[in-house]
Amino acid sequence: MPHVLIVDDDPETREALVSIIAEDGLTTATAGDLREARIQLVRQTPDVVFTDLQLPDGSGVDLFEDLDPRSGVEIVVITGHATVESAVSALKMGASDYLVKPINMQRVKAVLDRLPRAGDLKAQIGNLRGELRRMGRFGLMLGGSPAMQSVYDQIGRVAPTAASVLLVGESGTGKEVAAQTIHELSLRRKHAFLAVNCGAISPNLIESEMFGHERGSFTGADRQHKGYFERANGGTIFLDEITEMPAELQVKFLRVLETGMFMRVGTTKEIETDVRVIAATNRDPEEAVLEGKLRLDLYHRLNVFPISLPPLRERGNDVWLLAQAFLDEHNEQHGTHKQFPPAAKDMMLSYPWPGNVRELKNYVQRAYIMSGADSDTTAAVPLQISLSKPATGTAVTIPFGTSLAVADRQLILATLDQCGGVKTRAAEILGISLKTLYNRLVEYNEEGGKSAAGEAAGDPDPAGETGEPAAGP
C-alpha cells in the first residue's frame, strides 16, 4: 500500500492532509520538523512526501539530500504566497509539484491521483531517448542536433511534473509541437490539450473565450458557453503569444493560476479548474515586461520552467532531416516516391531559413506541387520565393492618383500581413487604436462581400490576407 509522509509544523495542516489522504486508502506518517521527518524516513521509506518549505529547524528542501534519487520518492512542496519563488527552485531541484497555502484539498487529490503513475512516464521518456538515438525523433518532435538534444532533456525533466512552462523562440520554431510533446509525456495526457492564440482573438471576445459566458450576459450571448479553462479541466492549455493578451485579462488569468478558480462572464459563481498552463512567445519576455506588454507577476508565475527553442539555422543537419520527413508525408499522402534533386541538400543547409521550420515545410510543399506528375524528383524551386516572413522594412507601393481610402486600405492590410496577422502589433505600428483597426477590417470585409466581381478580378479578401476573420476570432 502506498505510504505518504507529511512534514509541516502546523498541526491543522497535517490533520487536514492525513484526512484527505486516508480517504484514498494510503497510509500516512507525520512530522513537525526535519528531525522528526528524518526519523520517519528511517522507519519507512514513503512513496510521496508532502513537505512545508519553512520548518522550525530548516527547509523542506533539505530532505532532498536524505532521499536516494533512485528510490522514486515523489516530493510535493508546500509554500505560502510569499515564497512561491522558493517552490519554483524546489521544482527545478526535482520536486514533482507544489501546493500554495491555504491548501486546496482538490489539488491534493489531483496530485495523489497522478503521482502513482509517474514511474510509467519515466519509463516512456527513457524509451523516447532510445528512439531519438535510432531515428532522431523525440515524441512529436524531430531533430537530433545538440541544440534540440538540450530541449529534449528539459522537456523530459519537466513533462512529468505540474510546473508551468514558458516556451520562447522565433516564429515558426515549433512551440506548439513542443507544448503537445510536453502534454503527451505528462500525467494529463488522457485529458484535453487546447491551443489558444492570444493574438488572434478579438479583445472584446477573449475573456468569454477563455472563461466562458452565461446566456444573456451580453448581446448575442444566446446560450451558455464553456471557455477554454473549463473545457481543458484535467488537461493542458497552451497559450501562444501570451504577450498579446490584454492587460486587464492578464490580471484575471493570474488569479486562475494562483487559485484554480474563475468565473464565467455574466455570473458571480466561481468554477474550479485543474489545468496545466504552457505559454509561449516569440518576443523576449523580459523586454515585453519592460514595455508593459506582460505583467511582471504573471511573467514570474509562467516562467517556472523556461525552455528556449532554437531557430532552424542553429540546428545543422536537422534541416535535411526535417525536409525529408515533410517530403515523406507528401509521398505517403499521394502514393508517390519523389526525391529531392542532388543539389537540394547543399542549398537547404546553406540557407538561413528566417521563417524556421514553418518556412521549410512550406518550401517542401511548394517544391512537391511544382514538380510534374510523372517526375521522380521535386521541382528546383528558388528559395527566394519560398514562403518566408517578409523582411523588415518591406515597402508598399501606391501609384500616383490613388484615393486616400484605397491607400489607407493597402497600408493597413500590408502592415497586418507583415505582423503575421497579430492585430495588436499592427495597430501599434500604424499608430491607431485596436478598435479602429477592427472597424476598418469590418468595413473592408463588407466591401468585399458587396463586390463579388471585384473578388473575381483578384481583389483580395482581408480574411485571406490576414489568415483569420477580418473581425472576431
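The values are calculated or read from the model by the stated rules, or taken from the named source; none is laboratory data. Just so it is clear, the structure is predicted and the values come from calculations on it, not from any experiment. Positions of Cβ are backbone-derived with ideal geometry, glycine not excepted, and every protein chain shown enters the neighbour counts.
Report the residue count in segment 198-227 for those that are crowded, with 18+ Cβ neighbours inside 10 Å and of a type in the set (Phe, Trp, Tyr).
Counting residues in segment 198-227 that are crowded, with 18+ Cβ neighbours inside 10 Å and of a type in the set (Phe, Trp, Tyr) gives 1.
What residue, among those in segment 328-368 that are within 33 Å of the chain's Cα centre (by Cα) and not in a helix (DSSP H, G or I), is nearest to Pro382 (Cα to Cα)?
Tyr351
For segment 30-51, give me the residue count where each residue is in contact (Cβ under 8 Å) with a residue 60 or more places away in the chain and more than 20 Å from Thr79 (Cβ to Cβ). Working first, answer last.
The initial filter retains those residues of segment 30-51 that are in contact (Cβ under 8 Å) with a residue 60 or more places away in the chain, namely 47-48.
Now restrict to residues that are more than 20 Å from Thr79 (Cβ to Cβ): 47.
Going through segment 30-51 one residue at a time, the tally reaches 1.
Let's see how each residue does on (1) under 30 Å from Asn439 (Cβ atoms); (2) assigned to a helix (DSSP H, G or I); (3) in the same structural domain as Leu416 (by TED's automatic domain parsing); (4) of a type in the set (S, T, N, Q):
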position	(1), (2), (3), (4)
Asn204	yes, no, no, yes
Met210	yes, yes, no, no
Gly220	yes, no, no, no
Ile237	no, no, no, no
Thr243	yes, yes, no, yes
Val256	no, yes, no, no
Ala280	yes, no, no, no
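Quick one: Ala280 ticks every box in (1) of a type in the set (A, V, I, L, M, F, W, C); (2) surrounded by fewer than 20 Cβ atoms within 10 Å (Cβ to Cβ); (3) within 22 Å of the chain's Cα centre (by Cα); (4) at pLDDT 90 or above except a single one, so which number is it?
Here Ala280 clears every test but (2).
Being closer than 30 Å to Met105 by Cβ and of a type in the set (D, E, K, R): is that true of Glu214 here?
Taking the combined requirement at face value, the residue satisfies it.
Can you tell me which residue is modelled with the highest pLDDT among those in segment 66-104 that are within 25 Å of Asp24 (Cα to Cα) and surrounded by fewer than 14 Cβ atoms within 10 Å (Cβ to Cβ)?
Pro102
In segment 307-329, which residues are under 18 Å from Arg283 (Cβ atoms) and buried (at least 16 other Cβ atoms within 10 Å of the Cβ)?
Scanning segment 307-329 gives Ile307, Leu309, Pro310, Pro311.
Would segment 131-153 turn up any residue that is crowded, with 19+ Cβ neighbours inside 10 Å, of a type in the set (Gly, Ala, Ser) and either modelled with pLDDT under 85 or assigned by TED's automatic domain parsing to the domain that holds Glu36 (or both)?
yes
If I ask for residues that are surrounded by 15 or more Cβ atoms within 10 Å (Cβ to Cβ) and under 18 Å from Ser96 (Cβ atoms), which ones from segment 20-44 would you list?
Ile20, Ile21, Leu26, Thr28, Ala37, Leu41, listed by residue number.
Filter segment 258-275 for residues that are part of a loop (DSSP other than H, G, I, E, B) and either out of contact with any Phe, Trp or Tyr (no Cβ under 8 Å at 6 or more places or on another chain) or hydroxyl-bearing (Ser, Thr, Tyr) (or both) and give the result. Explain how you work it out, then say what you get.
Let us first name the residues in segment 258-275 that are part of a loop (DSSP other than H, G, I, E, B), namely 260, 264, 266-269, 273-275.
Answer for segment 258-275, where residues must be part of a loop (DSSP other than H, G, I, E, B) and either out of contact with any Phe, Trp or Tyr (no Cβ under 8 Å at 6 or more places or on another chain) or hydroxyl-bearing (Ser, Thr, Tyr) (or both): Gly260, Thr267, Thr268, Lys269, Thr273, Asp274.
Mind checking which pairs have a first residue in segment 1-29 that is among the hydroxyl-bearing types (Ser, Thr, Tyr) and a second that is part of a loop (DSSP other than H, G, I, E, B) and exposed (fewer than 14 other Cβ atoms within 10 Å of the Cβ), Cβ under 7 Å, 6 or more apart or different chains?
Listed pairs, sorted by first residue: Thr27/Met1.
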